[in-house]
1. Would you please name the residue that is farthest from the chain's Cα centre (by Cα), looking only at residues in segment 264-288 that are outside any loop (DSSP other than H, G, I, E, B) and at pLDDT 90 or above?
2. Is it true that Asn164 is farther than 23 Å from Val30 by Cα, among the polar types (S, T, N, Q) and outside the structural domain of Asp284 (by the TED database)?
3. Applying the selection to segment 258-273, what residues are over 13 Å from Phe329 (Cα atoms), open to solvent by less than 50 Å² (accessible area, probe 1.4 Å) and among the aliphatic types (A, V, I, L, M)?
4. So how many residues does segment 184-221 have that are open to solvent by less than 30 Å² (accessible area, probe 1.4 Å), closer than 28 Å to Cys261 by Cβ and under 35 Å from the mean Cα position of the chain (by Cα)?
5. Restricting the first residue to segment 138-153 and requiring it to be in contact (Cβ under 8 Å) with a residue 24 or more places away in the chain, which pairs with a second residue that is open to solvent by 40 Å² or more (accessible area, probe 1.4 Å) and part of a strand (DSSP E or B) meet a Cβ separation below 6 Å and a spacing of at least six or different chains?
6. Taking the stated definitions as given, is Ile71 more than 30 Å from Ala286 (Cα to Cα), assigned by the TED database to the domain that holds Ile167 and either at pLDDT 80 or above or exposed (fewer than 12 other Cβ atoms within 10 Å of the Cβ) (or both)?
7. Quick one: would you say Tyr46 is modelled with pLDDT of 85 or more, of a type in the set (Phe, Trp, Tyr) and under 25 Å from the mean Cα position of the chain (by Cα)?
8. Yes or no: Val234 surrounded by 14 or more Cβ atoms within 10 Å (Cβ to Cβ) and under 18 Å from Tyr322 (Cα atoms)?
Amino acid sequence: MVVNFKVFKKCSPNNMITLYMNRREFVDSVTQVEPIDGIIVLDDEYVRTNRKIFVQLVCNFRYGREDDEMIGLRFQKELTLVSQQVCPPQKKDIELSKMQERLLKKLGSNAFPFVMQMPNSSPASVVLQQKASDESQPCGVQYFVKIFTGDNDCDRSHRRSTINLGIRKVQYAPTKDGMQPCTVVRKDFLLSPGELELEVTLDKQLYHHGEKISVNICVRNNSNKVVKKIKAMVQQGVDVVLFQNGQFRNTIAFMETSEGCPLNPGSSLQKVMYLVPTLVANCDRAGIAVEGDIKRKDTALASTTLIASQDARDAFGIIVSYAVKVKLFLGALGGELCAELPFILMHPKPSRKAQLAAEGSIEA
């Protein structure tokens with residue numbers, strides 16, 4: 001019988017410990033996170049000497065440049081979210097996955113399973129893109145499964161008997177769309193009659209990565225000013241919650257036009273502008289928030305961070321949001337009129353068939 005499983009394998013430098021995991025991405029559905037499971041295989045010598053083996057889930061949050069670190073100052077926090085002893089086994093009532101059951105039969109008596117539950121309030125995997133010439137560790141949130149041997153889980157691990165395997169915590173788009181975003185802004189002018197009205201509507205609230213965003217614009221000029229140009233843009237908001245002033249925005253897609261302009265007093269204009277935010281168009285820009293591991297070829301822009309409650313906001317290292325912003329330019333004396341609409345940008349949840357098609361196979 002052939003069972004479809006994609007298995008990741010990593011050995012310690014001394015080849016005494018081997019880690020098997022069938023996935024490196026774990027889905028956060030806001031209310032709960034998929035459990036992290038795997039198999040640890042030990043060398044006969046480690047089993048014979050009854051060595052203690054520990055597995056930990058480590059969250060690495062870097063919030064500053066590595067080059068700026070000085071003696072005694074580190075812009076990095078390493079948090080151990082879960083820690084448990086795998087060998088000699090302490091938990092006897094572990095609920096095994098199908099992959100673990102198959103691998104236990106295949107790998108023999110030196111194989112030991114583990115299951116860890118990631119906290120619901122833990123942040124998603126997000127890193128900030130660096131310049132191509134910068135080879136230092138990127139700012140952001142990354143996760144690792146750490147396997148090591150020691151007397152206790154607080155013991156200092158030795159590099160030759162330690163495994164660190166990077167994993168990612170991801171969020172997929174909800175199945176239900178929210179309300180259609182729409183806003184109306186108006187501007188009146190000192191010593192001038194009437195007002196300028198701008199109405200902006202998006203065709204939906206939830207977009208998938210690579211999808212075209214339709215921005216419907218309606219301008220009603222009941223003032224005596226002239227609209228000379230219209231600009232629409234997609235902005236990515238990044239909030240590093242550790243800092244009070246750690247909020248900034250990047251324009252990742254934009255389009256401007258003078259078609260239908262100048263829009264004279266008493267006139268109106270309806271227009272649709274299309275924007276497609278992609279990482280390809282921003283691959284050389286530093287500070288753009290991208291998904292977990294920037295070394296992956298299929299890395300995309302970071303998805304919108306979904307939070308169950310604003311009270312849990314402080315637990316998230318980096319919060320990512322998106323908004324469409326439309327500007328009307330009225331010239332040097334008239335100024336500008338801006339409207340902004342937030343939206344959600346995420347990956348769709350892959351179907352079971354697509355997941356199986358992307359996976360390899362092992363004989364069990």
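The values are calculated or read from the model by the stated rules, or taken from the named source; none is laboratory data. In this text the structure is predicted, and so the values were computed from the model without any measurement. We place every Cβ from the backbone using ideal geometry, glycine too, and count neighbours over all the protein chains shown. Note: accessible area is taken over every heavy atom of the protein model, side chains too, but ligands, DNA and RNA are not part of it. Shrake-Rupley method; radii C 1.70, N 1.55, O 1.52, S 1.80 Å.
1. Across segment 264-288, the extreme among qualifying residues is Ser268.
2. In short, yes.
3. Result: Leu269, Met273.
4. 10
5. Phe144/Asn164; Lys146/Asn164; Asp153/Ser83
6. Values: more than 30 Å from Ala286 (Cα to Cα): no; assigned by the TED database to the domain that holds Ile167: yes; either at pLDDT 80 or above or exposed (fewer than 12 other Cβ atoms within 10 Å of the Cβ) (or both): yes.
Criteria not met by Ile71.
7. In short, no.
8. yes
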